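Undergrad: My questions all concern the structure below.
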Amino acid sequence: MPRGVLARKKFKGKKMKSAHYNVVVVGAGFSGIYSAYRLRKLGLSAVVLEAADGIGGTWYWNRYPGARCDIPSMEYSFQFSDELQQEWNWSERYATQPEILKYLEHVADKFDLRRDIQLNTRVESASYDEATSLWTIKTNQGQTLTAPYFILGTGSLSVPKDIDIPGANNFAGRIFRTSTWPKEEIDFTGRRVGVIGTGSSALQAIPIIAEKAKSLHVYQRTATYAVPANNYPLEEETLKKIKSDYAGLRERERQNYFAVDLPSPTQSALEVSPEERASRYEEKWQEGGFGFMFAYYDLVLSKEANDAASEFVRSKIRQIVKDPKVAEILSPKQPISCKRMCLDIGYYETFNRENVTLVDLQSTPILEVTEQGVRTTADHIQFDDLVLATGFDAMTGAIVKMDIRGREGVALKEKWGNGPSTYLGIATAGFPNLFMVNGPGSPSVLTNMVASIEHHIDWISDCIASAMKTGSATVEVTPAAESAWMDHSAMVTGATLFHSCNSWYLGANVPGKARVFMPYVGGYPAYLQKCSEVARNGYEGFSFSLSPKKFGPKTNSEMFTGV
Ligand code: NA7
C-alpha cells in the first residue's frame, strides 16, 4: 500500500501527537483545498492544517454583511475539474460570501478532501533540520509533524491589521471586525453605528448596514475609487453560454494581465480625443466591473492617462452624491488603481440617505475610541455598535506570524525584515522545500486569485514531483535567482503608478512595516511564461540536492507513488 494512503487512514478524524507526511500544507482556503486534491493525485500523503473550525479561509472569516467577490463568479472558481465547472451554478455575476463558502464545501465533499484537512489547528512554528532535510511543524494542539515539503496556503489577506486606534478596547457597545465577523446574523435595526475604514470591505458592508441602522457614521481616512459592479442574477441561458466554452474562457484569462476574461487593450488613452475617451469610460462604467481599467492599456503606466480616468470617476461621484461637500470628500485624490479599486453596489448612493454621515478624517482625525463612541478633533459621537473595516497585514502577515526557521535557524521574519524577498513569489533562499502559494513577488492579489492559486499549486506539485523523481532531497532557490527576480520585479513596478500611494500592496497600511511593493506587476501572461520557462529549463534558479539523507522511514523517491 502506498505510504500516503496509510498515513491518511491513520489520520482520519484523529489528531496525532506526532506524524510524518510527504507534505504539510497550512490553510484550508482555496489553496489548501486544491493542494489536498492535487497532492493526493500525486500519491503523496499530505495534511492541511487550518486554524478555523471550518474550511474556506478568507471566505470562512469575512462574513460581514454584503461580503462578495469582485471577480465574476464564473471565473472566481476552480478549473481543474470540468465536471465541477459544469455542475456548479453560480447565482449572481459576483457571488456572495455564503455562496462561495458553500461552493468550497461542495468541492471538499465532492473530492472527499476533508479527511486530509485538520481543523482547529494553528501552526505555531516550523523549522528546517539540515541533518534530515525535514521540516518540523508544531501546532497549538501540541502536535509535532514532520515532512520534507512545507506549503504555505495562508492567504494574502488573512491576518487583520492590529487595531491602531487608541482606546478601541474601551468601547462598551458591540464591536465587530469585518475580517472576523461572527457567524450569527447581526441585526443593526434601530442602532447607532460607526464604521471605521472605507476599503473594499467597508464599501460592501456600508450600504447594507445603512438600510437598517438608525444612524450610520462612516469614518473615512482615504477616499476610495469604486466603479459600478453591475451585479445581476445569472440566468440559465447565460450559465449555459459560458459553460459551453469554459475552456475558451480560461484560455482568455491566461492571456489577460489580471487573469480575467477581458480583452487586453492596445490603445493609449492619450491617442484619442477627450470626447472619445469619455465615451469609452462611460461604456465601461455601464458594463461594470474591473473592465474600466481595461479601457486603455496605459491607465496604470501614464500619470496623464490615469488622471483623465480618475477625473471621470470623480465626475460620476459628483453626479451620484447630492451634497457637493460630501461628494468632494468622497472623491479620491490618489491615482486610480494605485490602491485596490472597489466595485460599488450602492456605496456612493448611500451617502444620499438622511441617516448616513460621512466623517472626513483628513480634516478631523480620530483622537480615540471612548466607552461611548468615537472622539475626533471635531466632536464625540456616541454609538451602540462599532464596525472596524481597517484592513489586513497583507501578503506577508500570515507567513511571518508563524515562527518559520530555515537553514542555520534563520527566521523568515528576520530575513524579510526589510521586506519580503522571493523567487517568483513561490520560494525563498535559505528555506529549502518550502513553497508559498501566491506569495509576495507573484501577481497574486493583482489577479483572479483562484486562477493564480491553481497555477501555483500545479507548478509547486510538478516541482515536488520532479524532485522526487530524481531522488532529490532538497529543492532550494539560489540567492542569485532570487535577487535577479526581485530586481526585475522592482524594475517593472517602477514603470507603473502602483508605487505612488500608501497602499497595502506596499505595506504602507501597517505602522512599522517595511515598504516594498509586494505583488508582481509584470502581468499574468508574462508571469506564466516565466514560470513555464523556469520549469522547462530544469527548474532554473533552483538547486536540487541529491543528498542520500533519509526522510523518516523512507527516502523521498521511495515514498513517491506516481504522478
Ligand atoms: P483595506 O482595503 O486595507 O481598507 C482598510 C480601510 O481602513 C482603509 O480605508 C483605511 O484607510 C482604513 N483604516 C485603516 N486603519 C485606520 C485607522 N487607524 N484610522 C482610520 N482608518 C483606518 O481593507 P479591506 O478589508 O477593506 O479590503 C482588503 C482587501 O480585501 C481588498 O482590497 C480586496 O482585495 C479584498 P487608509 O486607506 O489606510 O487611509
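Undergrad: Restricted to segment 356-383, and to residues that are of a type in the set (Asp, Glu) and within 12 Å of the ligand (Cβ to nearest atom), which residue is least open to solvent (accessible area, probe 1.4 Å)?
TA: Residues of segment 356-383 of a type in the set (Asp, Glu): 360, 368, 371, 379.
So of that shortlist, the ones also within 12 Å of the ligand (Cβ to nearest atom) come out as 360, 368.
Values: ASP360: 33, GLU368: 62 Å².
Residue satisfying both the conditions and the ranking: ASP360.
Undergrad: Would you confirm whether or not segment 312-320 contains a residue that is farther than 13 Å from HIS217 by Cβ, among the hydroxyl-bearing types (Ser, Thr, Tyr), in a helix (DSSP H, G or I) and in the same structural domain as ARG277 (by TED's automatic domain parsing)?
TA: Going residue by residue through segment 312-320, those that are farther than 13 Å from HIS217 by Cβ are 312-320.
Restricting the remaining residues to those that are among the hydroxyl-bearing types (Ser, Thr, Tyr) gives 315.
After this cut, where a residue has to be in a helix (DSSP H, G or I) as well, the list is 315.
Still in the running and in the same structural domain as ARG277 (by TED's automatic domain parsing): 315.
Scanning segment 312-320 turns up at least one residue that is farther than 13 Å from HIS217 by Cβ, among the hydroxyl-bearing types (Ser, Thr, Tyr), in a helix (DSSP H, G or I) and in the same structural domain as ARG277 (by TED's automatic domain parsing).
Undergrad: Let me ask something else. Would you mind telling me which numbered condition in (1) crowded, with 21+ Cβ neighbours inside 10 Å; (2) in contact with an Asp or Glu (Cβ under 9 Å, 6 or more places away or on another chain); (3) of a type in the set (Phe, Trp, Tyr) TYR232 fails?
TA: Of (1) crowded, with 21+ Cβ neighbours inside 10 Å; (2) in contact with an Asp or Glu (Cβ under 9 Å, 6 or more places away or on another chain); (3) of a type in the set (Phe, Trp, Tyr), only one is false for TYR232: (1).
Undergrad: Only one of (1) assigned to a loop (DSSP other than H, G, I, E, B); (2) touching a residue at least 24 places away in the same chain (Cβ under 8 Å) fails for GLU184. Which number is that?
TA: GLU184 satisfies every listed condition except (2).
Undergrad: For the subset of segment 190-204 comprising residues that are crowded, with 24+ Cβ neighbours inside 10 Å and more than 9 Å from the ligand (Cβ to nearest atom), which member is farthest from ILE163 (Cα to Cα)?
TA: VAL193
Undergrad: I would also like to ask the following. Could you tell me which of the residues GLY346, GLY406, GLY373 is assigned by TED's automatic domain parsing to the domain that holds TYR128 and either more than 17 Å from GLY173 (Cβ to Cβ) or modelled with pLDDT of 95 or more (or both)? Before you say what the answer is, go through the steps one by one.
TA: Working: GLY346 fails: assigned by TED's automatic domain parsing to the domain that holds TYR128; GLY373 fails: assigned by TED's automatic domain parsing to the domain that holds TYR128.
Going through GLY346, GLY406, GLY373 in turn, the sole match is GLY406.
Undergrad: Please enumerate the residues belonging to segment 489-547 that are within 30 Å of SER302 (Cβ to Cβ), outside any helix (DSSP H, G or I) and polar (S, T, N, Q).
TA: Residues satisfying the conditions are THR496, ASN502, SER503, ASN509.
Undergrad: Tell me which residues, restricted to segment 384-396, are within 15 Å of the ligand (Cβ to nearest atom) and either in contact with a helix residue (DSSP H, G or I) (Cβ under 6 Å, 6 or more places away or on another chain) or part of a loop (DSSP other than H, G, I, E, B) (or both). Quick ask: steps written out before the conclusion?
TA: Of segment 384-396, the ones within 15 Å of the ligand (Cβ to nearest atom) are 386-396.
Across segment 384-396, the qualifying residues are ALA389, THR390, GLY391, ASP393, ALA394, MET395, THR396.
Undergrad: Now a separate question. Going by the conditions given, is LEU249 in contact (Cβ under 8 Å) with a residue 60 or more places away in the chain, in contact with an Asp or Glu (Cβ under 8 Å, 6 or more places away or on another chain), under 26 Å from VAL445 (Cβ atoms) and not small (Gly, Ala, Ser)?
TA: yes
Undergrad: Give segment 194-231 a look and list any residue that's among the hydroxyl-bearing types (Ser, Thr, Tyr) and part of a strand (DSSP E or B), or say none. Talk me through it step by step, then tell me what you get.
TA: Of the residues in segment 194-231, the ones among the hydroxyl-bearing types (Ser, Thr, Tyr) are 198, 200-201, 215, 219, 222, 224-225.
If the condition is that a residue be among the hydroxyl-bearing types (Ser, Thr, Tyr) and part of a strand (DSSP E or B), then SER215, TYR219 are the ones that fit.
Undergrad: Within the set of pairs 6+ apart or on separate chains, which have a first residue in segment 117-134 that is closer than 15 Å to ILE399 by Cβ, a second that is acidic (Asp, Glu) and open to solvent by 20 Å² or more (accessible area, probe 1.4 Å), and C-beta atoms under 9 Å apart?
TA: GLU124/ASP403; SER125/ASP403; ALA126/ASP403; SER127/ASP403
The values are calculated or read from the model by the stated rules, or taken from the named source; none is laboratory data. Bear in mind that the values here come from a model prediction, so they are computed numbers and not experimental data. Quick reminder, even Gly has a Cβ in these numbers, built from the backbone with ideal geometry, and neighbours come from all protein chains shown. Side chains included, ligands, DNA and RNA excluded: accessible areas come from the protein's heavy atoms. Shrake-Rupley method; radii C 1.70, N 1.55, O 1.52, S 1.80 Å.
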